[in-house]
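Shown next, in structure tokens, is the structure this report addresses.
The values are calculated or read from the model by the stated rules, or taken from the named source; none is laboratory data. Owing to the predicted nature of the structure, the values given are computational and were not obtained by experimental measurement. Cβ coordinates were reconstructed from backbone atoms using ideal geometry, including for glycine residues, and neighbour counts include every protein chain displayed.
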Amino acid sequence: MSKLSPNLKPFFAKMAQDLVALGEPKVATNRAEAKLEEDQRSEVTIRGFTFIQDEPKSVLGSGEGPTPTDFFMASVALCENVVFARNAALNDVSIGSLETVATGTWDMRGLFEAGGAEPSFSSVLVETRVKSDSPLAEVVNVARMTHRRCPVHATLRKATALTFRLVVNGTEAPL
């Protein structure tokens, strides 16, 4: 049983066709409004959804929410899932389960410019685990498309080293 609705393929096929036919850029804008509430805790609103951001107690936050870097890694993992699901639907690849873990490493000394360190992520590992009845080559093709088409991945690819790992039915597949 696939976790993908049969409605996804025709919807995104038409969307892709319409965007190609447009012949000019169709610009999307994402906007997040963050308001500092107290100390290091902020409230952020995105398209009517409200989230709390905070720092852990170990750095004098109240620990009431994820950190900005947590949200950043969440964006990487969530974009992988969304774009993977769309590409799978468009290519008739079944998804029994799809889980993505994004792990980024960075030097905290960069927060204070200590020792010449930069606060940027030095690497990001995106590990996607898929269960699928579809042929391995088709799942790998969908993963490759996803890594090219995801706006978060495309942005990061210009800025940091990205590593992608695909595990299909418990076995790592080369990308």
Quiz item: Of the residues in the range 22-46, how many are at pLDDT below 95 and either touching a Pro at 6+ places or on another chain (Cβ under 8 Å) or not in a strand (DSSP E or B) (or both)?
Solution: 11
Quiz item: Among the residues of the range 123-137, which ones are surrounded by 15 or more Cβ atoms within 10 Å (Cβ to Cβ) and under 20 Å from Cys79 (Cα atoms)?
Solution: Val124, Leu125, Val126, Glu127, Thr128, Arg129, Val130, Lys131, Ser132
Exercise. Report yes if Thr100 is in a strand (DSSP E or B) and exposed (fewer than 14 other Cβ atoms within 10 Å of the Cβ), otherwise no.
Key: no
Practice problem: Take the residues in the range 123-149 that are free of Cβ contacts under 8 Å to residues at least 24 places away in the same chain and assigned to a helix (DSSP H, G or I), then tell me which one is nearest to Leu4 (Cα to Cα). | Solution: Ala137
Quiz item: What is the one condition in (1) touching a helix residue (DSSP H, G or I) at 6+ places or on another chain (Cβ under 9 Å); (2) modelled with pLDDT of 95 or more that Thr50 does not satisfy?
Solution: (1)
Practice problem: Quickly run through the range 88-97 and pick out the residues that are closer than 22 Å to Ala74 by Cβ and either assigned to a loop (DSSP other than H, G, I, E, B) or among the β-branched types (Val, Ile, Thr) (or both). | Solution: Ile95
Quiz item: Taking the range 13-28, which residues are surrounded by 10 or more Cβ atoms within 10 Å (Cβ to Cβ) and farther than 16 Å from Pro151 by Cα?
Solution: Ala13, Lys14, Met15, Gln17, Asp18
Quiz item: When the range 54-84 is examined, which residues are found to be acidic (Asp, Glu) and assigned to a helix (DSSP H, G or I)?
Solution: Asp70, Glu80
Exercise. Return the total of residues in the range 103-122 being exposed (fewer than 13 other Cβ atoms within 10 Å of the Cβ) and in a helix (DSSP H, G or I).
Key: 6
Exercise. Please verify whether the range 152-172 includes one or more residues that are buried (at least 17 other Cβ atoms within 10 Å of the Cβ), among the aliphatic types (A, V, I, L, M), under 22 Å from Pro10 (Cα atoms) and touching a helix residue (DSSP H, G or I) at 6+ places or on another chain (Cβ under 6 Å).
Key: no
